[in-house]
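Please read the structure below before turning to the comments.
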Amino acid sequence: MAAAREIKAREMIDAGDDDAVEVAKRHLVQPWPYAGSVGAEARALIGEGDGIYITDASGKRLIDGPAGMWCINVGHRREELARVMYDQAMALSYNTPWYTMNAPSAELARRIADAAPGDLSHTFFTTGGSSAVETALRFMQFYNNVRGRPEKKLILSRGGAYHGSTYLSASLNGRPRDRDWMDGADELVVKLSSPNPFRRPQGMSVPAFTDFLVDQFRDTVARVGADRIGAFVGEPVQASGGVVVPPDGYLKRIREICRENDILYVSDEVVTGFGRLGHVFASGDVFGIDPDMITFAKGVTSGYFPLGGVIISERLLEELRRSNHPDALFGHGLTYTSHPIGCAVALKNLDLLEDGVLQHAREIAPYFQARLKTLEELPLVGEVRGVGLMACVECVADRESKDPLQLDKDVGKRIDAHCHELGLLVRPLINMCVMSPPLIISREQVDDMVAILREGISRTMDDLRKEGVWRG
Ligand SMILES: Cc1ncc(COP(=O)(O)O)c(C=O)c1O
């Protein structure tokens with residue numbers, strides 16, 4: 001019976017028919033649904049992936065513009081990664097991390113420590129990004145409990161942030177709409193402004209905006225009290241918030257304030273880690289900061305296996321070891337902590353990254369950014385911004401006021417629909433399109449991607465004009 005079902009599932013995908021979509025509508029709850037369509041959604045069925053391409057149910061080949069969810073860094077269908085997962089499963093598919101350990105996790109932790117900035121020396125492996133952020137925060141709470149300062153637990157986070165979908169990590173999120181209908185541990189979180197230069201107050205220069213952000217941070221610490229703030233959590237580049245590249249020097253200055261006030265700096269590199277900016281970690285190599293913890297996931301296995309982790313500073317671990325409470329228990333662990341298959345595939349993925357993919361990403365990034373920047377010629381486009389192989393095309397109704405709201409809110413989805421027709425999957429975010437292709441993309445493929453996006457935006461402009469929604 002089970003085998004028959006498996007064959008049926010295979011046939012559905014092979015035949016490329018819509019049965020799987022129908023079955024999903026009856027039985028699958030998909031992420032981020034609206035109440036009105038929860039458990040009843042028909043999302044595009046993807047059957048296959050190869051290199052930077054994926055194939056939809058109709059057999060149409062699409063450039064995977066978002067690389068899955070910023071994760072397929074070395075591309076789809078890498079034989080080496082598939083092989084190593086098979087080999088590891090045949091050697092040891094699982095061991096309990098409660099009482100035992102495995103060699104791939106130790107070796108991966110060593111390689112990560114080698115690549116990490118500052119004194120980040122030890123990794124706790126999780127199942128993904130949310131659980132990595134959750135672990136970092138629970139570690140901060142434990143650390144302050146052991147150090148005898150249980151009131152030092154508040155967390156600083158920023159508008160535009162996305163840190164996950166578990167209760168505590170989600171409480172940090174600051175994107176519009178995410179929290180409107182969801183509960184959270186609001187009493188534990190203090191929110192700051194997003195460091196988005198495009199949305200800075202009119203008439204303010206970028207350096208003045210940077211000073212404003214730093215002053216706001218410093219003032220907030222003074223107002224709330226450093227003795228009550230345990231951590232600041234920030235993405236080096238806010239990813240799902242619309243690829244917000246912070247102004248020069250901002251992260252370093254925030255890092256300093258954290259150090260002065262004994263506030264742990266948690267750099268959330270779930271998106272930027274493992275190659276998106278051409279380096280294993282962006283915190284040190286791109287932004288010159290040495291956080292107390294780095295969280296990562298996604299690209300660590302190029303999305304082939306759900307794995308994440310938090311890298312912790314040697315100093316913090318040493319303080320715990322030297323504390324007056326050697327028996328205090330960090331009561332935190334996941335069944336799949338240090339999963340051998342995940343760690344084995346991550347090791348091979350790291351080989352691929354270090355053996356050429358990172359260098360390729362660094363070389364192609366300026367071309368990728370420059371080609372996308374040409375889309376600013378289109379009147380619907382307010383700004384194209386980005387760094388490394390992540391970029392955002394932000395649409396506005398009016399370039400002067402930068403108003404996104406007069407536009408149909410789903411302008412990103414409209415562009416995505418046109419691009420799908422033309423052979424490109426886009427990640428639509430309200431009025432923005434985020435592009436973060438697999439790092440192995442070639443110059444010709446960048447050209448294809450940008451040409452399709454240009455045409456998709458042009459067709460959207462025509463639609464909006466025809467419908468009288470926009471007069472640009
Ligand atoms: C910066 C950041 N942190 C955390 C997460 C959560 O990761 P996951 O979805 O693997 O739980 C994400 C997911 O997109 C993210 O972008």
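The values are calculated or read from the model by the stated rules, or taken from the named source; none is laboratory data. This is a predicted model, so every value here is computed, not measured. All Cβ positions, even for glycine, are placed from backbone atoms using ideal geometry, and neighbour counts span all protein chains on display. The accessibility values were calculated without ligands, DNA or RNA, using every heavy atom of the protein model including side chains. Shrake-Rupley method; radii C 1.70, N 1.55, O 1.52, S 1.80 Å.
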Exercise. Of the peptides 425-435, 207-217, how do they stack up when ordered by the mean number of other Cβ atoms within 10 Å, highest first?
Worked result: 425-435, 207-217
Exercise. Taking amide hydrogens as modeled 1.01 Å from N in the peptide plane, which residues meet the under 5 Å criterion relative to Leu192, leaving out close sequence neighbours?
Worked result: Ser157, Arg158, Gly159
Seminar exercise, completed: Given a 1.4 Å probe, the accessible area of the chain per residue, as a whole number of Å², is 44 Å²
Exercise. Could you name the aspartates and glutamates in cross-link range of Lys152, using Cα to Cα under 18 Å and dropping any fewer than eight places away on the same chain?
Worked result: Glu134, Asp186, Glu187, Asp219, Asp227, Glu260, Asp262, Asp292, Glu319
Seminar exercise, completed: Rg/Rh of the chain (Cα atoms, Kirkwood Rh), to two decimals, equals 0.97
Problem set entry | Highest to lowest packing among 63-70, 41-48, scored as the average C-beta count within 10 Å | 63-70, 41-48
For this session: Show the residues, 5+ positions off or on another chain, whose built amide H is closer than 5 Å to the amide H of Leu28.
Result: none
Exercise. Which value in nm describes the separation of the simple spin-label points at Lys191 and Glu421, placed 7 Å from the Cα toward the beta carbon?
Worked result: 3.7 nm
Exercise. Where a ≥ b ≥ c are the square roots of the eigenvalues of the C-alpha gyration tensor, would you call region 154-271 rounded, which needs a/c under 1.5, or, failing that, prolate if a/b is larger than b/c, or oblate?
Worked result: oblate
Seminar exercise, completed: Calculated from DSSP helices alone, with each H run of at least 4 adding -39500 (n - 2.57) and the total divided by the residues of the chain, [θ]222 nm to the nearest 500 comes to -12000 deg cm²/dmol
Seminar exercise, completed: For region 167-178, in residue order, the Karplus 3J(HN,Hα) values (coefficients 6.51, -1.76, 1.60; θ = phi - 60°; whole Hz; Gly and Pro = x) are 4, 6, 4, 5, 5, 7, 5, x, 7, x, 6, 4
